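A quick write-up on the structure given underneath.
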Amino acid sequence: MRKFLKSTSFALVPFLLFSPALAQEAAAGEPAEHTVFILNSFLFLVCGFLVFWMAAGFAMLEAGLVRTKNTTTQLTKNVGLFSIASILYWLIGYNLMYPLGNWSIGTDESGGYLGAFGVAILEGVGIGADDADDLSYASTGSDFFFQLMFCATAASIVSGTLAERIKLWPFFIFIAVLTALIYPIQASWKWGGGFLDTQFGFLDFAGSTVVHSVGGWAALAGAILLGARTGKYRNGQVIPIMGSNLPLATLGTFVLWLGWFGFNGGSQLALGSVGDAADVSRIFANTNMAAAAGAVTAMILTQLIFKKVDLTMVLNGALAGLVAITAEPLTPSLFMALIIGGIGGVIVVFGVPFLDRLKIDDVVGAIPVHLFAGIWGTLAVLLTNPDATFVGQIVPIVIVGAFVFVVSYAVWYALKVSIGIRVGAEDEVNGLDTTELGMDAYPEFTT
């Protein structure tokens, strides 16, 4: 096989040499502008569909960590929320997040506070180089597709926390508000050239705060108003409610781990140079190291504390490591990536019981993973990126957290007092699959 590949490579050399574009690039020593456009667009598309695969990861993780009687509902919620995000981000969110410098409120030289309302529009069919919006960047279609995946990821975080007791349609209404308005507005403050970027120098490479903490804050607000599952906290005791399918939860974790390479690697936003290619490779390696460190740390800690390894903590430890490295996956060494991810694992092991002491019922542990580890990861940028400042990191964390939590709480509260957000006690006992959908995930076992 090696000989075949070697001979094939030599056979391709004449074609590469006589390609006019590539020959021109070789002579100049730098890639042509349209080649940068092509490579960057390719990066967005490949990494975008890797991040899309995270939707499957969230669905499998949640389906495995809920009880059998609520599995179909979780699967429905994950398909629905991704579809709603796709439509609302096109209709409203994309332009709110990336107004291309056209700030409609707070316009000044330091950045704005709110983008422009409008529908995302792609390039025409079969455009030439002269018709591209920006040859030095990437196609609008690839950029929209890639950024949409991040919006949908923030929405996916909310689903698992509120499982097993929330009504389906009020949940979808909240997701519509989150993906159309809440997420794009705060994301524009950093990634759309807004005031967190220009005035504070806020650094969040791939979204420990902009994506993951946002989902965590929205989930926290909903969990507080929704209340705990029946029987979760009784007579001062925390009653464990075990998931139905740990193999499925493990599969979901590995799928999320895979998707995270696209999440962080694609956030380099460029593949048009040797440096960019090397940086993407470095990001992949650091991302993997942080996940591994989070898993191993959770494994060791649960053995020491509980005298037995807790698989669910190990799974969430890996995810917390991934969230923690997301704010800055480029500048750390592999050793620092290990430290950052390992602390993420510590946060999960102590964060889950901390929420239980507060009687905040988080079914899948999404708040410790995405909110707590997201805050840690954003602060950890100070350890590896010399451009980061304490004020520039901590103040945006507070601003984004306050905005998302307050607005999310208001939306959840409005839904609670109007149409209600929680199913009845009898429906909860019978399971949401039967009461909300009339369809069991495992009919052979539940009838």
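Brief remarks on what is shown
- Candidates are the residues of region 203-259 that are within 30 Å of Asp427 (Cα to Cα), among the small types (Gly, Ala, Ser) and outside any helix (DSSP H, G or I); the one that is most open to solvent (accessible area, probe 1.4 Å) is Gly236.
- Checked against the criterion of being crowded, with 24+ Cβ neighbours inside 10 Å, touching a residue at least 24 places away in the same chain (Cβ under 8 Å), of a type in the set (Val, Ile, Thr) and part of a helix (DSSP H, G or I), region 294-305 has at least one qualifying residue.
- The lone exception for Val346 - which of (1) of a type in the set (A, V, I, L, M); (2) over 19 Å from Asp204 (Cα atoms); (3) part of a loop (DSSP other than H, G, I, E, B); (4) in contact (Cβ under 8 Å) with a residue 24 or more places away in the chain it fails: (3)
- Within region 352-363, tally of residues that are under 14 Å from Ile305 (Cα atoms) and either among the β-branched types (Val, Ile, Thr) or within 22 Å of the chain's Cα centre (by Cα) (or both): 1
- Screening Trp169, Trp189 for residues that are under 23 Å from Arg67 (Cβ atoms), in a helix (DSSP H, G or I) and not polar (S, T, N, Q) leaves exactly one candidate, Trp169.
- Inclusion of Val352 among residues that are open to solvent by less than 50 Å² (accessible area, probe 1.4 Å), more than 18 Å from Gly374 (Cβ to Cβ), in a helix (DSSP H, G or I) and modelled with pLDDT of 95 or more is not warranted.
- Candidates Val429, Val407, Val381, Val411, filtered to the one that is surrounded by fewer than 16 Cβ atoms within 10 Å (Cβ to Cβ), touching a residue at least 12 places away in the same chain (Cβ under 8 Å), outside any loop (DSSP other than H, G, I, E, B) and out of contact with any strand residue (DSSP E or B) (no Cβ under 7 Å at 6 or more places or on another chain): Val429
- The lone criterion from (1) assigned to a helix (DSSP H, G or I); (2) within 23 Å of Gln303 (Cα to Cα) left unmet by Leu371 is number (2).
- Residue count for region 113-153, restricted to those that are part of a loop (DSSP other than H, G, I, E, B), closer than 22 Å to Gln186 by Cα and β-branched (Val, Ile, Thr): 2
- Annotation: of all residues in region 49-73 being of a type in the set (Val, Ile, Thr) and in a helix (DSSP H, G or I), the one that is surrounded by the most Cβ atoms within 10 Å (Cβ to Cβ) is Thr73.
- Near pairs, Cβ below 7 angstrom, 6+ apart or cross-chain, from region 244-258 (on the phi < 0 side of the Ramachandran plot) to any residue that is among the aliphatic types (A, V, I, L, M) and not in a helix (DSSP H, G or I): Ser244/Val66
- Candidates Leu168, Leu203: the one that is at pLDDT 95 or above and closer than 18 Å to Ile397 by Cα is Leu203.
- Qualifying residue in region 32-48 (condition: under 20 Å from Gly275 (Cα atoms), at pLDDT below 90 and not in a helix (DSSP H, G or I)): yes
The values are calculated or read from the model by the stated rules, or taken from the named source; none is laboratory data. The shown structure was predicted, so the numbers you read here are calculated from the model rather than taken from an experiment. Because the Cβ atoms are built from the backbone with ideal geometry, glycine has one as well, and the counts that use them run over all protein chains shown. With ligands, DNA and RNA removed, areas are computed over all heavy atoms of the protein, side chains included. Shrake-Rupley method; radii C 1.70, N 1.55, O 1.52, S 1.80 Å.
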